[in-house]
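Below is one structure, written out as structure tokens; the observations come after it.
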């Protein structure tokens, strides 16, 4: 568990902020403190005060400023719409986009959870919140909203294998979802720094090791969803392995990754106290998975996971991250646009989750979910437009083509043997009209193999090097 922050230190930071003209920069706040803090330490104290609604954060990451709630602050002009091409990195701060549209009930939830902790009643886990949900009878999302989201998320009119759409936008999604999900946890990597970490393998200067690890862990977890799209689901294998990947090298005990917790945990900035009995946690975890798996609508499934998984806190840490990636499971399975939480303000997500924890109200989180999905779909529709639509035949036979190419390489077949093998494999296709095209594409893939692309066939360097000696 993270080390508790001293109340004395928090109060000192709070006094420094309120003594300055609003909004105050990090440097200004540091200059008012009675003793010096490391920059990262001060950022953590400020983030804690924001989480507890004792301060408000304004502006972008680099120029973020702080003030007491309700303090007067200069208004910023509404930015003009971006016309940057989708291959470029877009705006890095949710503070620069339109605010989330909140319903009246969500606004009420926000006001309730934004009160000082001393005015909020301590609560424990409410079993009826889960027990009262009946798959395909109960619903967090209205039929109209589910219909709207389905129209936004639809990517193709053709039935394609699970995960097809995710793989089409994979490069962009790896950066977007890894960065945005990490940002919601207070990670200070920028979008550009995340992109460089993935593309060049270079960690950003001045960043803590755990921040780099968090970003890389997201990448690995997203790749699990993409590479095993036909096998994932709301089951222990998927959810526990998502946790293991997301928590790698971030927990005090390595064995805790992917394992349900056996100890009590606390929620910073909240009066909610999760379950403590291991057997009850396990029972509720299995009930959540069974309930989610039984839900037919993919958007209701996604949102149910975002609500119930963090509420239970089944793992020692990293629960919200697991829920955000688990929300993508049904979207991947149905080839719907992914949910990357692009532009979601950290304060909105935090307060929305507090509404679930402390009040069992989903209205605020539902508004965040709807708004976030609209923005995600807009992002990936633009990505698809830039990339162009891929060959539907290749998509339909993608996995089989990979298997055939890999089999040729692993067996060390030369060109003559490969041609015979490919024709034989093509004859196994049920549709005669597909066989010739399949053989032509497989042969093209083989002749196009080189050291820069063989990994996409799940080949090891040694296998590729050995095959090259026989390919004549």
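The values are calculated or read from the model by the stated rules, or taken from the named source; none is laboratory data. Only a predicted model underlies this, so the values are computations on that prediction, with no experimental measurement involved. Cβ: placed from backbone, ideal geometry, glycine included. Neighbour counts: every protein chain shown.
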Those residues of the stretch 437-455 that are surrounded by fewer than 11 Cβ atoms within 10 Å (Cβ to Cβ) and modelled with pLDDT of 80 or more come to a total of 1
(message) Tell me whether the stretch 408-417 contains one or more residues that are in contact (Cβ under 8 Å) with a residue 60 or more places away in the chain and either at positive phi or loosely packed, with under 13 Cβ neighbours inside 10 Å (or both).
(response) no
Looking across the stretch 156-171 at residues that are part of a helix (DSSP H, G or I) and surrounded by fewer than 23 Cβ atoms within 10 Å (Cβ to Cβ), the single one that is modelled with the highest pLDDT is 171
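If you take the residues in the stretch 412-434 that are in a loop (DSSP other than H, G, I, E, B) and touching a helix residue (DSSP H, G or I) at 6+ places or on another chain (Cβ under 8 Å), which one is farthest from residue 466 (Cα to Cα)?
If we filter the stretch 412-434 for residues that are in a loop (DSSP other than H, G, I, E, B), which is where we start, we get 412-414, 427-431.
Going one step further and asking which of them are touching a helix residue (DSSP H, G or I) at 6+ places or on another chain (Cβ under 8 Å), we end up with 412-413, 427, 429.
Details: 412: 7, 413: 10, 427: 28, 429: 29 Å.
Step by step, filter the stretch 412-434, then rank; the result is 429.
Are there any helices (runs of 4 or more DSSP H) wholly within the stretch 280-357 with 3 or more residues that are at pLDDT below 95 and within 19 Å of residue 222 (Cβ to Cβ), and if so which? Reasoning before the result, please.
Numbers: elements: 298-312, 319-326, 329-333.
Helices (runs of 4 or more DSSP H) meeting the threshold: 329-333.
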In the stretch 227-278, residues that are within 29 Å of residue 118 (Cα to Cα) and under 17 Å from the mean Cα position of the chain (by Cα) total 0
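Take the stretch 122-151 and flag every residue that is assigned to a loop (DSSP other than H, G, I, E, B) and touching a helix residue (DSSP H, G or I) at 6+ places or on another chain (Cβ under 8 Å).
Pass one, the stretch 122-151, residues assigned to a loop (DSSP other than H, G, I, E, B): 122, 125-126, 132-142.
Of everything in the stretch 122-151, those that are assigned to a loop (DSSP other than H, G, I, E, B) and touching a helix residue (DSSP H, G or I) at 6+ places or on another chain (Cβ under 8 Å) turn out to be 125, 133, 135, 136, 139, 140, 141.
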- Would you call residue 405 over 25 Å from residue 284 (Cα atoms), at pLDDT below 95 and surrounded by 22 or more Cβ atoms within 10 Å (Cβ to Cβ)? yes
Among helices (runs of 4 or more DSSP H) completely within the stretch 184-265, the ones holding 2 or more residues that are farther than 25 Å from residue 312 by Cβ and not assigned by TED's automatic domain parsing to the domain that holds residue 44 are 191-200, 209-227
The correct count of residues that are assigned to a helix (DSSP H, G or I) and touching a helix residue (DSSP H, G or I) at 6+ places or on another chain (Cβ under 9 Å) in the stretch 441-467 is 15
